[in-house]
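Reading through the structure tokens given below for one structure.
The values are calculated or read from the model by the stated rules, or taken from the named source; none is laboratory data. Everything numeric here is computed off the predicted structure, so don't read it as measured data. Neighbour counts run over all protein chains shown; Cβ positions are idealised from the backbone, glycine included. When the accessible area is computed, the model is the full protein with side chains, heavy atoms only, and any ligands, DNA or RNA have been set aside. Shrake-Rupley method; radii C 1.70, N 1.55, O 1.52, S 1.80 Å.
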Amino acid sequence: MGQDKLKLYSVKVEEGSGCFFQPMTDKYTYILTAKHLFYEVNDQGKITNEYEDGREIEILKHQKNHDGWELQKIPFVIEKGVNYFPHKDADVAILKIEYEPYFNSIFVKNTENDMVGFQLCGFPVSKKNNLDAEKYGNQNIYGFGATGQYCKGAQLFGTLQQSDIEGYSGCGILKIINENIYIAGIQSKMASNYINQAGQIGFVQIAYFDGIVDEYEEQLEKLFPDYMGNFSFLEDEAFKLEVDALDEERIASTRTMLKNKALDIIKSDITPYGIKMLFNERILLNDQYSEHLSVKNVWISWLEFLTIMNIAKGYNVNKEMLSEIFNTVRLKYSNEDDWTKLLSTDLLNSDYKGLKPDSTVIVSTNKPPIGNLILKKETILSHIGIVPKKGLRIDNGVKSPYEDFDFVHLEFFKKGCIADQLEQYDKINDENKLLQILKQQYNELFS
């Protein structure tokens, strides 16, 4: 399934390749590729003239049908500054095409702390004569090398010749993590005009695409998923409140009430991108994994968290209130499954600057806990013993996170307050009564 997903995101662009990327909109989709594919090349391989507006180019995407895969054409006529946006210096370009659904599982990835598992994913010329007219292929990368002007080195497995990677120009340097695709950059023929016997290629890092977006800011959205621009994209995924079939009728009204309250956040001036810009890595338990700031689960958690704050406070939270809330209640996300394993690592070393004593830290993880939903400050040290205080990121007046803060898993507000206490909600169809029950439970926790 992973290789199928990489194939689905890979695009053939002229005699090279490209990669689908869904930016922060549902109006259009990007193809990230190499700029040199849009220039004439003479017999000596030298670039001459840039393609002129009005020229139709060949773009092919994979489509799966009952017989397997087929290639479909994407109509594209070049109009610079309208649908074709080259970087002024680096060998990268953005093609802006009509919106293609199902491509919002791709995220930007920094390779500095993660050098394993990336692949070169495109349409090599060497496979062109196979039974399939144009054939997708990939090459495994096992390390990254020095960074030069506008490019970085990557080491491929095996001894390869130039002919082995022809056609990969513009393709994505991709990796799958937890069913999502991460892109580190675009392979560039210009960054490395030859492949040496050790199998090294050159690629342009993904950060250079930000430069294109900055230059054409009125025409292009940033390289974040569409749901970063508006919580409405996550509306159906918040407060699922999964229970046994026998309890569905008992919980239906409460689930509807929570989704109605979530609409207040969706209609407000708060957006995931705005939260990211305000708090940045302070959202995460471990700020080394900043790419998680784009992952959908983070923002589903934020939509639920802000809805809970609305209920607990009795009024609608707006953008101006976010910093104040973050000084007494802090939401933290981890891509791990078991949050109790993080007690001696990420939970201890996270950034708690600005958080006052007797505050609450709400933790959200990739999967809900099996057991503990609340860790009170007076009990945590009894489980893990004395903690080192050197290097803790806390304010003066805070002894340590485990002596001054209570830790609550986000699942508590759904499971502990609702799913485990269905008798309180049974046969209540009045939204105000349901809100009062929840508000009382939430406030008991925060008091």
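For the pair Asp337 and Gln149 in one chain, pulling the backbone fully straight at 0.36 nm per residue adds 63.7 nm over the alpha carbon distance.
For region 171-298, the relative contact order is 16 percent, taking Cα pairs closer than 8 Å that sit 6 or more residues apart in sequence and dividing their mean separation by the residue count. With contacts taken as Cα pairs under 8 Å and at least 6 residues apart, region 1-92 reaches a relative contact order of 24 percent.
Pop the C-beta distance of Val82 and Glu217 into the FRET formula with R0 = 22 Å and round what comes out to the nearest 0.05.
Calculated transfer efficiency: 0.90.
With both labels modelled 7 Å from their Cα along Cα-to-Cβ, the Ile384 to Ser344 distance reads 1.0 nm. With respect to the chain, whose longest principal axis is taken over its alpha-carbon atoms, helix 431-446 is tilted by about 90°.
To test your reading of the geometry: what angle, between 0 and 90 degrees and rounded to tens, separates the Cα axis of helix 248-266 from the longest principal axis of the chain? Roughly 70 degrees, rounded to the nearest 10. Where (i) 22.5; (ii) 24.3; (iii) 21.7 are the candidate values, the label of the one calculated here for Kirkwood radius over Cα pairs in Å is (ii). Computed over the chain with a Gaussian network model linking Cα atoms closer than 10 Å, the most mobile of Phe203, Phe233, Phe85 is Phe233. The length gained on full extension between His66 and Tyr28, counted as 0.36 nm times the residue separation minus their Cα-Cα distance, comes to 10.9 nm.
Placing +1 on each Lys and Arg Cβ and -1 on each Asp and Glu Cβ, with no other charges, gives the chain a dipole about its Cα centre of roughly 900 debye.
Looking at the chain, the accessible area is 47 square angstrom per residue; that uses a 1.4 Å probe and ignores ligands, DNA and RNA.
Taking only protein heavy atoms and a 1.4 Å probe, the accessible area of region 258-318 is 44% carbon and sulfur. When each of the peptides 349-359, 316-326 is scored by the mean number of other C-beta atoms lying within 10 Å of its residues, the order from highest to lowest reads 349-359, 316-326. Which residues does the label zone of Leu422 cover in region 238-259, counting backbone N under 11 Å from a point 7 Å along Cα→Cβ? Residues passing the 11 Å test: 242-252.
When the charge dipole of the chain is built from unit charges on Cβ atoms (+1 for Lys and Arg, -1 for Asp and Glu) and taken about the Cα centre, the candidate among Asn110, Gly122, Gly170 whose Cα reaches farthest toward its positive end is Asn110. Here region 327-393 has 53 percent of its accessible surface on carbon and sulfur atoms, given a 1.4 Å probe and all protein chains in place. Structural descriptor for region 330-388: relative contact order 50 percent, calculated from alpha carbon pairs under 8 angstrom and at least 6 residues apart. Protection proxy ranking for 30-37, 272-279, using the average of other Cβ atoms within 10 Å per residue and placing the highest first: 30-37, 272-279.
Here each label is just a point 7 Å from Cα along the line to Cβ, and for Lys433 and Asp89 those points are 6.7 nm apart. On the beta carbon distance between Leu263 and Tyr99, with R0 = 30 Å, the FRET formula returns roughly 0.80. Between the Cα long axis of helix 296-313 and the first principal axis of the chain there is an angle of about 30°, rounded to the nearest 10. Electrostatic tally near Ile173: other residues with Cβ closer than 10 Å to its Cβ, Lys and Arg +1, Asp and Glu -1, net +3.
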